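Before anything else, here's the structure in question.
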Amino acid sequence: MPEYRLFFQKLRKTDMKYTIGNLLESVSLRLEALYEQPEARTMAEWLLQHELGKGRMGLFEVRSNIASEGLVTKVDTFVERLLQHEPLQYVIGEASFYGRDFIVSPAVLIPRPETEELVQLIIKTYQSQPGVAILDIGTGSGCIPVTLAAELPLSTVIGLDVSADALTIARQNANKSGQKVEWLCQDILKEIPAVAPSSLDVIVSNPPYVLEQEKELMRQNVLNFEPHLALFVPDTDPLLFYRRIAEIAPQLLKNGGRLFFEINERYAASTADILLSRGFCQVEVIKDLYGKERILQAVWQ
């Protein structure tokens with residue numbers, strides 16, 4: 001019998017009151033079967049915050065309120081999905097990125113904190129420059145172009161992806177945030193993006209860069225649920241997308257335009273060499289907050 005039904009059987013027999021705080025503790029304990037503390041507790045809090053429409057302090061303030069049977073039933077269903085290794089963001093249908101909530105589904109990658117650092121670098125570089133033209137290649141959920149459109153409000157922003165399903169999610173996120181972004185469904189390995197030559201100030205990309213051989217090192221919640229199309233590259237050609245973007249970027253960037261990559265730290269030097277061989281200058285590898293070589297920027301001129 002589902003755990004939530006056992007809860008309510010006990011409540012009816014004893015006239016006990018099952019509170020939001022009780023529910024939080026129960027969810028946290030159940031998640032310990034799969035996740036260590038404090039991760040299990042954090043996930044339990046996020047789940048209830050989402051369902052109650054509360055922040056962390058708001059959840060604390062209502063901890064003594066009675067939990068409805070409908071809430072307990074829904075949360076129980078969510079916990080069962082979490083115990084099957086499904087990522088919390090897919091369970092609740094949202095992920096936080098740069099202070100905004102983005103719709104996510106298994107059609108798109110869950111936005112990562114290191115990608116926020118990439119976006120922050122672009123914002124810092126162009127925050128005083130109006131009218132910046134930006135192309136994001138491999139846009140997924142649209143978190144990069146939607147955020148850049150919001151933070152650089154006079155810019156023209158384009159998001160490109162090979163997946164029509166991913167672009168459906170990206171459009172929803174742009175509409176939700178009230179941002180104007182143009183979307184292109186193209187395969188950059190086969191096509192040059194449908195953008196006017198020498199029209200872009202920025203090309204940004206967080207392309208697939210995880211090697212097939214690294215699958216065995218990945219957690220099940222990533223490997224079994226997130227789209228492999230957006231994650232993996234062949235072991236024999238780990239820089240496939242970087243090489244292709246470096247090839248087509250000179251046709252699309254203005255003189256002085258910049259290329260920004262999120263990269264695989266194992267291939268930072270090799271990725272930089274590709275750009276240098278294509279005529280880019282001021283090629284710089286930047287470490288993320290964890291000290292990993294995660295971001296690369298370069299100038300075309």
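Taking region 242-256 on its own, how many of its residues are outside any helix (DSSP H, G or I) and crowded, with 22+ Cβ neighbours inside 10 Å?
1
Taking the conditions exactly as written (without any contact (Cβ under 8 Å) to a residue 24 or more places away in the chain, surrounded by 18 or more Cβ atoms within 10 Å (Cβ to Cβ) and either part of a strand (DSSP E or B) or not assigned by TED's automatic domain parsing to the domain that holds residue 219 (or both)), does residue 89 satisfy them or not?
The answer is yes for residue 89.
Every residue in region 99-136 that is touching a helix residue (DSSP H, G or I) at 6+ places or on another chain (Cβ under 6 Å), at pLDDT 95 or above and among the β-branched types (Val, Ile, Thr), please.
If the condition is that a residue be touching a helix residue (DSSP H, G or I) at 6+ places or on another chain (Cβ under 6 Å), at pLDDT 95 or above and among the β-branched types (Val, Ile, Thr), then 103, 104, 108, 119, 123, 132, 134 are the ones that fit.
Quickly run through region 279-294 and pick out the residues that are buried (at least 17 other Cβ atoms within 10 Å of the Cβ) and either in a loop (DSSP other than H, G, I, E, B) or outside the structural domain of residue 204 (by TED's automatic domain parsing) (or both).
280, 288
Report, by residue number, each residue of region 152-168 that is touching a residue at least 40 places away in the same chain (Cβ under 8 Å) and either among the acidic types (Asp, Glu) or in contact with a Gly (Cβ under 7 Å, 6 or more places away or on another chain) (or both).
If the condition is that a residue be touching a residue at least 40 places away in the same chain (Cβ under 8 Å) and either among the acidic types (Asp, Glu) or in contact with a Gly (Cβ under 7 Å, 6 or more places away or on another chain) (or both), then 165, 166 are the ones that fit.
Is it true that some residue in region 159-181 is in the same structural domain as residue 258 (by TED's automatic domain parsing), more than 21 Å from residue 110 (Cα to Cα) and acidic (Asp, Glu)?
no
Go through region 211-221 residue by residue and tally those that are under 14 Å from residue 82 (Cα atoms) and either crowded, with 17+ Cβ neighbours inside 10 Å or of a type in the set (Ser, Thr, Tyr) (or both).
Residues in region 211-221 being under 14 Å from residue 82 (Cα atoms) and either crowded, with 17+ Cβ neighbours inside 10 Å or of a type in the set (Ser, Thr, Tyr) (or both): 1 in total.
Restricting region 28-56 to residues that are over 25 Å from the mean Cα position of the chain (by Cα) and assigned to a helix (DSSP H, G or I), which is surrounded by the most Cβ atoms within 10 Å (Cβ to Cβ)?
30
Counting only residues that are surrounded by fewer than 19 Cβ atoms within 10 Å (Cβ to Cβ), touching a strand residue (DSSP E or B) at 6+ places or on another chain (Cβ under 8 Å), of a type outside the set (Ser, Thr, Tyr) and not in a loop (DSSP other than H, G, I, E, B), how many does region 123-149 have?
Number of matching residues: 0.
The values are calculated or read from the model by the stated rules, or taken from the named source; none is laboratory data. It should be emphasised that the depicted structure is a prediction, and the values quoted were computed from it without experimental measurement. So basically every Cβ, Gly included, is an ideal-geometry build from the backbone, and we count neighbours across all protein chains shown.
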